[in-house]
């Protein structure tokens, strides 16, 4: 189960309950990116999340370790390893590698370096908060969240390697297929910094269209 409950009088618990929903927010953001950007790399990342969750479910039913607290509503799944912790650290590991190896261009600046460092620190802190929140709220033991964290990092690194080294070379072939052209699926793998690319292209296109509008207004 993805949602959490907490005692109304526990302020810290409320904050940690919100933090523990980070994996849910991450999935919603991923679906939103796919809907509006339709990039193969984002789709591949979501597939990796699905595999990560599937592995977690299999391991839970193999280990069959109970959660540390029995609640009024009984969970049907087990607690080892923690799916929240595993998903959060999968995201953190993948994001760190993505920022280090994919987000760069020739004009590296102090601002960009600060942005990268803040991004890396943010995902690590958030993953750590998710892990701690699951223990604080008694949904998992420390062993369950730590095993989930290790699995998440291993799977995140492994899946990034699969996407970066094995799948990316086939992206141009995939996007050239008729069905994917119809869905406007695109490949931005060879663009080192998609934000910079879209910014410069949008600015250039806007200036070009502005010049075309000037003669029309003067007529």
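Hey, residue 113 hits all of (1) without any contact (Cβ under 8 Å) to a residue 60 or more places away in the chain; (2) surrounded by 15 or more Cβ atoms within 10 Å (Cβ to Cβ); (3) over 15 Å from the mean Cα position of the chain (by Cα) but one; which does it fall short on?
Failed condition: (2).
Go through (1) more than 19 Å from the chain's Cα centre (by Cα); (2) under 26 Å from residue 24 (Cβ atoms); (3) at pLDDT 90 or above and name the single condition residue 136 misses.
(3)
One line per residue, one yes/no per condition, for (1) assigned by TED's automatic domain parsing to the domain that holds residue 42; (2) surrounded by fewer than 16 Cβ atoms within 10 Å (Cβ to Cβ); (3) in a helix (DSSP H, G or I):
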{"residue": "151", "(1), (2), (3)": "yes, no, yes"}
{"residue": "157", "(1), (2), (3)": "yes, yes, yes"}
{"residue": "162", "(1), (2), (3)": "yes, yes, yes"}
{"residue": "167", "(1), (2), (3)": "yes, no, yes"}
{"residue": "172", "(1), (2), (3)": "yes, yes, yes"}
{"residue": "179", "(1), (2), (3)": "yes, yes, yes"}
{"residue": "196", "(1), (2), (3)": "no, no, yes"}
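Find the residue count for the range 122-149, including only residues that are exposed (fewer than 15 other Cβ atoms within 10 Å of the Cβ) and either touching a helix residue (DSSP H, G or I) at 6+ places or on another chain (Cβ under 8 Å) or at positive phi (or both). Give the steps one after another, and end with the answer.
Just the residues of the range 122-149 that are exposed (fewer than 15 other Cβ atoms within 10 Å of the Cβ), to begin with: 122, 125, 138, 142.
Subset that is either touching a helix residue (DSSP H, G or I) at 6+ places or on another chain (Cβ under 8 Å) or at positive phi (or both): 138, 142.
The qualifying residues number 2.
Give just the number: which of (1) in contact (Cβ under 8 Å) with a residue 12 or more places away in the chain; (2) surrounded by fewer than 14 Cβ atoms within 10 Å (Cβ to Cβ) does residue 206 not satisfy?
Condition not satisfied by residue 206: (1).
Of the numbered conditions (1) in a helix (DSSP H, G or I); (2) free of Cβ contacts under 8 Å to residues at least 40 places away in the same chain, residue 145 satisfies every one except a single condition; which is it?
(2)
Out of the residues in the range 181-194 that are surrounded by 10 or more Cβ atoms within 10 Å (Cβ to Cβ) and at pLDDT 85 or above, state the one that is nearest to residue 103 (Cα to Cα).
The qualifying residue nearest to residue 103 (Cα to Cα) is 187.
Just one of 95, 119, 42 is touching a helix residue (DSSP H, G or I) at 6+ places or on another chain (Cβ under 7 Å) and surrounded by fewer than 16 Cβ atoms within 10 Å (Cβ to Cβ); which is it?
119
Find the residue count for the range 139-149, including only residues that are under 19 Å from the mean Cα position of the chain (by Cα) and either outside the structural domain of residue 94 (by TED's automatic domain parsing) or at pLDDT below 90 (or both).
0
The values are calculated or read from the model by the stated rules, or taken from the named source; none is laboratory data. Since the model is a prediction, treat every value here as computed from it, not as a measurement. For neighbour counting, all protein chains shown are included, and Cβ atoms are generated from backbone atoms with ideal geometry for every residue, glycine included.
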